[in-house]
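Below: one structure, written as structure tokens.
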Amino acid sequence: MITPRQALLALVLATLGGAAWWWHDLLPPEESPPIARERRPDYVAEGIAATEMGVDGQVRRRLEAETLRHYADDGSSELDRPSLTLYTEGGPPWQATADTGWVSQDGRELRLRGNVVIDRRADADQRAVRIETEALQLRPREEYAETDLPVRLTSGADWVRSVGLRAWLGEPLRIELQGRTRAQFNIVDDPPE
């Protein structure tokens, strides 16, 4: 037989259970976390080469890559083993290579990653220049490049190491080093007459 005390306890527990159920129904439903969608390209191209001409009919830029993956969600493209040739007025072209790259939808920005090297050959007026880093952002139409990572510049036997760089690759070449810098310049005296 149930005692009045047990009946009261059962009534209190049932009331608490009913109140908890009612409270739960008042709360907004929990939203499940968004499911991360795998980003898939809408097309893939192998062995691509794109050339951009100036209004004067001269080649300004040439981009090549082993593989290009285009994404419709933002119009960007990813590149494997990209190579950019940037032709400047009055000087030899710059050649930039990397392990991977990313190109914005409008083609105004190129991000290179992994073993990034930019070379400019010497000519009669200028020494060869080589820039090495792990990541570089380029704006090819503006002939501009920058990084905030360690970078090494070499020209002949001279070298400069810095953390961060901004470079205007057109003529005249201008490079701004952003952080702590270490350099070695070999001074050669003019031969006696």
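The values are calculated or read from the model by the stated rules, or taken from the named source; none is laboratory data. Computed from a predicted structure; not experimentally measured. Glycine also receives a Cβ, built like all others from the backbone with ideal geometry; neighbour counts cover every protein chain displayed. Ligands, DNA and RNA are stripped out before the accessible areas are found, and what is left, the full protein with its side chains, is counted by its heavy atoms. Shrake-Rupley method; radii C 1.70, N 1.55, O 1.52, S 1.80 Å.
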| query | In vacuo Debye scattering of the chain, one point per C-alpha: log10 I(q)/I(0) at q = 0.10 Å⁻¹? | reply | -0.56
| query | Among 111, 182, 139, which one moves the most in a GNM of the chain with springs linking Cα atoms closer than 10 Å? | reply | 182
| message | What's the magnitude of the charge dipole for the range 7-148 around its Cα centre, counting Lys and Arg as +1 and Asp and Glu as -1 at the beta-carbon? Answer in Debye, nearest 20. | response | 200
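Local charge sum around residue 126 (other residues, Cβ-Cβ under 10 Å, Lys/Arg +1, Asp/Glu -1)? The partial results should precede the final answer.
Working: positive: 120, 121, 127; negative: 123, 125, 171.
Spelling it out: positives minus negatives among the neighbours equals 0.
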| task | Take the solvent-accessible surface of the protein heavy atoms, probe 1.4 Å, and return the percent of it on the chain that carbon and sulfur atoms account for. | result | 55
| request: Step through the residues of the range 81-88 one at a time and calculate ³J(HN,Hα) from phi using the Karplus curve (6.51 cos²θ - 1.76 cosθ + 1.60, θ = phi - 60°), rounding each to whole Hz and writing x for Gly and Pro. | output: 6, x, 9, 10, 9, 10, 8, 10
| query | Counting pairs of alpha carbon atoms under 8 Å apart in space and at least six apart in sequence, what relative contact order in percent does the range 1-133 give? | reply | 13
| task | Go through the range 56-63 residue by residue and turn each phi into a ³J(HN,Hα) via Karplus (6.51, -1.76, 1.60, θ = phi - 60°); whole Hz please, and just put x for glycine and proline. | result | 7, x, 8, 5, 9, 8, 9, 10
| said: I'd like the Karplus ³J(HN,Hα) series for the range 169-177: coefficients 6.51, -1.76, 1.60, θ = phi - 60°, whole numbers in Hz, and an x wherever there's a Gly or Pro. | reply: 7, x, 9, x, 5, 9, 10, 10, 8
| Under unit Cβ charges (Lys, Arg +1; Asp, Glu -1), what dipole magnitude, rounded to 20 debye, does the range 79-140 have relative to its Cα centre? | 40
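Taking 0.36 nm per residue of separation and subtracting the Cα-Cα distance, what length does fully extending residue 53 through residue 122 add? Don't skip to the answer; put the middle values down first.
On the way: separation 69, 0.36 × 69 = 24.84 nm, distance 2.37 nm.
My answer for the length gained is 22.5 nm.
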| request: Give me the net charge of residue 91's neighbourhood, meaning all other residues with Cβ under 9 Å from the Cβ of residue 91; Lys, Arg count +1, Asp, Glu -1. | output: -3
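What number comes out for accessible area per residue over the chain if the probe is 1.4 Å? Units Å², please.
On the way: 13590 Å² over 193 residues.
Computed with neighbouring chains in place, this is 70 Å² per residue.
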| said: More than 20 angstrom separation, counting every C-alpha pair in the range 63-150; what % is that? | reply: 34
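Which net charge results when you count Lys and Arg as +1 and Asp and Glu as -1 among the other residues whose beta-carbon is under 15 Å from that of residue 81?
Details: positive: 62, 69, 111, 113; negative: 46, 64, 66, 78, 80, 99.
It works out to a net charge of -2.
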| Under a plain spin-label model, where a point goes 7 Å from the Cα along Cα-to-Cβ, how far apart in nm are residue 102 and residue 89? | 3.3
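Residue 3 to residue 21: extension gain in nm, 0.36 nm per residue of separation minus the Cα-Cα distance?
Length gained between residue 3 and residue 21: 3.8 nm.
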